[in-house]
Amino acid sequence: MDLNQLLYYIDNNLGQEDFESLKFLCVGIIPNKKLEKMRSSLDIFEELQKSGEISEEDMFILPELLYLIGQHSLLKKLNTNKSAMNNALIEERYISMYRRMLFELSESITKEDLRSIIFLLDIPSKFKENKNFLDILCYLDKTEVISEDNLEVLEKVFRNVSQELLKRINQYKESRESPNRILPSAPTENTSLSETPFSIQDVSSIHMESQNDDLDSTIEHFEEVQEFPSEKDVETENDIAALSLQGQTKSEVYPMNQKCRGYCVIINNSDFLKSDPRIGTEKDAEYLNRVFSWLGFEVEVHNNQKAQDIVKIMNNVQIKDHTHRDCFVCCILTHGQSQAILGTDNEVVKINVIVSKFSPQNCKTLAEKPKLFFIQACQGKNTQGAHLIEEDAVSSIKTIPNDADVLIGMSTVDGCFSYRHIETGTWYIQALCSNLIKMVPKGEDILSILTKVNKDVSEKQHSKSGTILKQMPQPAYTLRMKLVFPIPTSDFKEYSSAAE
């Protein structure tokens, strides 16, 4: 692929928001009059070619720009990756620290923050309608209200709006005084993208030889599997804001800054050709729908799907453009067998087939983005439980694909039941939804939430013929960073029938 073809390919994979971000970052590199006339990312690339900033011999500015706007999957087309750029930007950069800092502030601003900022700033009324923070920064910069060595106006505003974003300005000022200091947005990493800091492990393979293990050993096991990487600087102040709610220090977090969080597909099978109906599953599907909609996902619910229809649904989602979405969620509520789920026709769909459809090779626009799969299913073949509690017949996932950024949450460990109440739904899905509602507003990451789900489900019990029946959920994952969902702008509206 020659240079022009490469630039054309990259332009086709960038959206309008990416274009606006590139324009802002290129102020000072491309004359303002030319920038104002540009209508696409390709216009920017062509101008950078004319000025010699992009050439066959030297195109460092191109991966730098893609890195800064979060288009990390496109870096592969330039024979580099996010980790390599982290290291390269320590020594060399085209975009000034000042412009970079302003851009990172804009990426971290919430709608509520923006309303407060507009109210506090003395700006013309035309900038108060349908404007984003980048527009406001451009105006302040152009009119010299702010400059590289004069940020008093922004500092005054952020003292009222966000102490965390004020810290980012202070970090920039310190960096100007010490030019060799690494900005928080450019963490140093020695591992490549292929060197995943987590290994995929089946939870049942470590410290969980029996379903009767006590709660303390279960929590110990989960913490051993998750092995978070050492603390690193975060890429945006959104990350700091989220983690500060947990009282944690800086760490790498998946970007969560798109307008739509992503697609959430719910497969909810109740009525089967040869199996007992899954009474109560509608409570789970309804709860999942409401919770993930609240978290900013575009939810699709598909009820009573045959095996071939499930495959078609996954194929349709696979070919969607996920470029402007942060992640993908799939929830499957059905019967099944070892390492597979069942359609309502009792035909088999292998779980690894579903997961692999969203690998970087098969779904490029989800590359480097988290893919979450929550599967409500039994993993044993014993008979059904007592009067109001039934058992789903799905067996375990013993292996998952060797792709990064995947999390599979199983409702129970290998060989054990997963319980479903015919009136209130399953223990696992109800605990998952309840804890997402409680812990996302506190800035907790998904693995911390699943640890709490483990605890809540493990403390439940059902008595059958004098025997105490228990359940232990099972997470397996290859997440490379912490996954923290942004705090929704409104409170979740609970209602009694959804809660267990």
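The values are calculated or read from the model by the stated rules, or taken from the named source; none is laboratory data. Keep in mind it's a predicted model, so treat the numbers as computed, not measured. Virtual Cβ from ideal backbone geometry, glycine too; neighbours counted across all protein chains shown.
Structure values in brief
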| quantity | calculated |
| --- | --- |
| Selection from segment 414-464 of residues that are among the small types (Gly, Ala, Ser), surrounded by fewer than 24 Cβ atoms within 10 Å (Cβ to Cβ) and touching a Gly at 6+ places or on another chain (Cβ under 9 Å) | GLY415 |
| Members of segment 398-419 that are in contact with a strand residue (DSSP E or B) (Cβ under 6 Å, 6 or more places away or on another chain) and modelled with pLDDT under 75 | ILE400, VAL413, PHE417, TYR419 |
| Residue match in segment 379-386 (condition: at pLDDT below 90 and buried (at least 23 other Cβ atoms within 10 Å of the Cβ)) | yes |
| Qualifying residue in segment 79-100 (condition: in contact (Cβ under 8 Å) with a residue 12 or more places away in the chain, in contact with a strand residue (DSSP E or B) (Cβ under 9 Å, 6 or more places away or on another chain), among the charged types (D, E, K, R) and buried (at least 19 other Cβ atoms within 10 Å of the Cβ)) | yes |
| Residues of segment 23-57 satisfying the condition of being out of contact with any helix residue (DSSP H, G or I) (no Cβ under 8 Å at 6 or more places or on another chain) and under 21 Å from MET97 (Cα atoms) | PRO31 |
| Verdict on SER293 being modelled with pLDDT under 95 and either surrounded by 19 or more Cβ atoms within 10 Å (Cβ to Cβ) or small (Gly, Ala, Ser) (or both) | no |
| Positions within segment 340-358 being surrounded by fewer than 17 Cβ atoms within 10 Å (Cβ to Cβ), among the hydrophobic types (A, V, I, L, M, F, W, C) and under 25 Å from the mean Cα position of the chain (by Cα), in sequence order | VAL353 |
| Strands (runs of 3 or more DSSP E) contained entirely in segment 265-372, each with at least 3 residues that are touching a Phe, Trp or Tyr at 6+ places or on another chain (Cβ under 8 Å), free of Cβ contacts under 8 Å to residues at least 60 places away in the same chain and under 30 Å from LEU74 (Cα atoms) | 297-303 |
| Extreme residue, surrounded by the most Cβ atoms within 10 Å (Cβ to Cβ), among residues of segment 315-339 that are more than 25 Å from GLY15 (Cα to Cα) and touching a helix residue (DSSP H, G or I) at 6+ places or on another chain (Cβ under 6 Å) | LEU333 |
| Qualifying residue in segment 81-101 (condition: closer than 20 Å to GLU20 by Cα and acidic (Asp, Glu)) | no |
| Wholly enclosed strands (runs of 3 or more DSSP E) of segment 404-484 bearing at least 3 residues within 16 Å of PHE373 (Cα to Cα) | 406-410, 474-477 |
| Odd one out for ILE123, checked against (1) surrounded by fewer than 16 Cβ atoms within 10 Å (Cβ to Cβ); (2) at pLDDT below 85; (3) over 30 Å from the mean Cα position of the chain (by Cα) | (1) |
| Top-ranked residue in segment 3-47 [being among the charged types (D, E, K, R) and touching a residue at least 40 places away in the same chain (Cβ under 8 Å); ranked as nearest to MET59 (Cα to Cα)] | ASP18 |
| Top-ranked residue in segment 51-105 [being acidic (Asp, Glu) and under 23 Å from the mean Cα position of the chain (by Cα); ranked as modelled with the lowest pLDDT] | GLU104 |
